[in-house]
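The values are calculated or read from the model by the stated rules, or taken from the named source; none is laboratory data. Note that this is a predicted model, so its numbers are computed, not measured. Heads up, the Cβs are rebuilt from the backbone with ideal geometry, glycines too, and the neighbour counts pull from every protein chain shown. Note: accessible area is taken over every heavy atom of the protein model, side chains too, but ligands, DNA and RNA are not part of it. Shrake-Rupley method; radii C 1.70, N 1.55, O 1.52, S 1.80 Å.
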Amino acid sequence: MTEPSLVAGVDCSTQATKVVVCDAATGEVLREGRAPHPDATQVDPAEWFRAWEIASDGLLDGVSAISVGGQQHGMVLLSADGEVVHPAVLWNDTSSADATAELVSELGGVEAWAAAVGSVPVPSFTVTKLRWVRSAAPDAAARAEAVALPHDWLTHKLAADRSGISDLTTDRGDASGTGWWSPITNSYRPDLVSMAFGRSLTLPRVAGPAEVVGQTASGAALAAGTGDNMAAALGLDLQPGDVAVSLGTSGTAFARSDSPTADPSGFVAGFADATGGYLPLVCTLNAARVMSATAQLLGMDLAALDEAALSSPGSGGLVMLPYLDGERTPDLPHSTGLIYGLTRATAQPATMARAAVEGMLCGLADAVDALRAQGLPVERVLLLGGAARSRAVQALAPALLGAPVVLPEPAEYVALGAARQAAWAVSGTLPTWEATVSKPESSIMTDPEATRVRELYASVLSGTRPLLAAPRP
């Protein structure tokens with residue numbers, strides 16, 4: 001019997017590095033490993049390589065190609081000889097909130113940014129971190145000669161045939177989250193780098209979707225890699241009419257598109273995908289951790305929180321704005337969580353549990369509606385991520401999201417998508433890998449109930465937005 005051709009996909013995420021080794025023809029996962037990252041918003045990239053070595057140990061025999069999917073937006077500054085000059089500033093670091101406002105104003109406002117790069121910067125975007133580091137770490141900024149993203153850096157580190165910064169590469173998908181590359185023109189805007197940083201920097205070459213960009217010391221081909229959301233779209237094999245809603249550390253809603261988008265409201269980021277198309281995306285900072293934080297507050301584990309939320313007939317007018325770590329969408333980086341409607345009747349664990357699940361889902365429902373407003377059809381929602389396993393989430397999601405919901409089989413879809421890209425790079429053909437889906441819990445919310453919940457959520461957000469936007473004391 002012929003041994004399968006093997007490819008590896010890497011997910012260098014916020015919390016961990018995950019590696020899967022797959023049959024290149026079918027996508028079957030044959031080996032996998034994982035290693036954690038430090039829990040911080042600024043991290044030495046050497047920690048990612050250490051995690052890669054641990055996660056991949058003993059897995060790579062016979063692997064013909066590797067691709068890296070990485071957390072979007074993280075800023076890795078490099079000296080001329082390729083040394084990291086400052087800890088990588090990750091997407092969920094909101095230190096650049098003030099820098100963001102400066103940059104948006106300097107280019108001429110939100111419409112100018114949407115026209116220039118398809119997205120309006122928020123503090124997650126790399127371009128805002130360039131502005132921030134100029135004043136926050138001037139010595140490091142003075143040494144910087146190149147800027148890369150996490151997947152760019154790890155790909156570069158894995159390549160045995162590179163040195164310095166001259167051979168840095170990226171891809172369209174990840175580049176589209178920097179704030180200085182335009183999916184509309186498929187080109188860099190180096191003037192935006194200079195505006196943010198005060199001078200030019202070396203930028204990675206944008207490789208083609210199926211390009212081999214180097215090889216490892218063992219001779220495995222290195223594919224271009226991409227951002228984590230773009231890799232997840234590949235792993236899920238998103239089709240027209242599909243919207244992926246991921247409930248992990250962050251919450252995301254994204255869909256494939258044949259044409260670029262440019263939303264001046266800033267709600268939808270007009271990203272590119274990893275295939276040559278586009279990936280309009282909405283991202284919130286707060287998702288699964290809303291449920292874990294609420295469970296901790298109530299003295300429950302997650303299973304008990306689930307049961308409590310399911311046992312409640314509703315939230316009774318209790319609304320949670322779940323901005324526990326600030327928020328990216330809506331753009332409220334200084335905000336905190338807020339609970340409205342607390343009475344003796346609603347001050348019950350079950351009601352609080354229900355309001356937490358509803359609040360998390362209302363934020364993602366706004367995201368799905370924003371994609372609809374960009375002309376994208378929403379025929380079904382693929383619900384994934386850690387919180388998608390919650391029975392309460394499954395039971396409330398269809399009504400609140402306004403579409404049929406299916407559950408992809410739990411898997412490392414970012415790593416799977418990267419592996420699929422690796423198979424594409426060495427074979428020249430994007431393989432068809434099927435993603436198995438199942439039905440969620442039966443819905444416990446009617447459409448009229450969902451409408452009332454969402455209207456109250458929107459009213460509370462509108463009424464408290466000035467308070468939420470103000471810097472914290």
Checklist entry - Does Ser265 count as modelled with pLDDT under 95, over 22 Å from Gly74 (Cα atoms) and open to solvent by 20 Å² or more (accessible area, probe 1.4 Å)? => result yes
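Considering only region 145-160, I want to know if a residue exists there that is closer than 25 Å to Glu106 by Cβ and open to solvent by 50 Å² or more (accessible area, probe 1.4 Å).
Yes, that holds for at least one residue.
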Checklist outcome for this item: Exception for Gln421 within (1) assigned to a helix (DSSP H, G or I); (2) over 28 Å from Pro209 (Cα atoms) falls at (2)
Checklist entry - Is there a residue being assigned to a loop (DSSP other than H, G, I, E, B), open to solvent by 10 Å² or more (accessible area, probe 1.4 Å) and out of contact with any strand residue (DSSP E or B) (no Cβ under 6 Å at 6 or more places or on another chain) anywhere in region 124-136? => result no
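Name the strands (runs of 3 or more DSSP E) wholly within region 296-393 that hold at least 1 residues that are over 22 Å from the mean Cα position of the chain (by Cα), of a type in the set (Val, Ile, Thr) and modelled with pLDDT of 95 or more?
The qualifying strands (runs of 3 or more DSSP E) are 319-321, 338-340.
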Item to check | Selection from region 170-211 of residues that are β-branched (Val, Ile, Thr) and open to solvent by less than 40 Å² (accessible area, probe 1.4 Å) | outcome: Thr170, Thr178, Val193
Item to check | Meets criteria (more than 25 Å from Gly69 (Cβ to Cβ) and of a type in the set (Ser, Thr, Tyr)) for Ser443 | outcome: yes
Checklist entry - Just checking, how many residues over region 339-359 are in contact with a helix residue (DSSP H, G or I) (Cβ under 7 Å, 6 or more places away or on another chain), under 29 Å from Asp93 (Cβ atoms) and open to solvent by 30 Å² or more (accessible area, probe 1.4 Å)? => result 1
Checklist outcome for this item: Within region 12-55, the count of residues that are open to solvent by 10 Å² or more (accessible area, probe 1.4 Å) and either farther than 18 Å from Ser427 by Cβ or in a strand (DSSP E or B) (or both) comes to 26
Checklist entry - Of the residues that sit in region 56-88 and are under 23 Å from Gly417 (Cα atoms) and open to solvent by 60 Å² or more (accessible area, probe 1.4 Å), which one is nearest to the chain's Cα centre (by Cα)? => result Asp57
Checklist entry - If Gly463 satisfies every condition in (1) touching a residue at least 40 places away in the same chain (Cβ under 8 Å); (2) within 26 Å of Gly337 (Cβ to Cβ) but one, which is the exception? => result (1)
Item to check | Scope region 225-270; condition farther than 24 Å from Gln15 by Cα and polar (S, T, N, Q); matching residues | outcome: Gln239, Ser257, Ser259, Thr261, Ser265
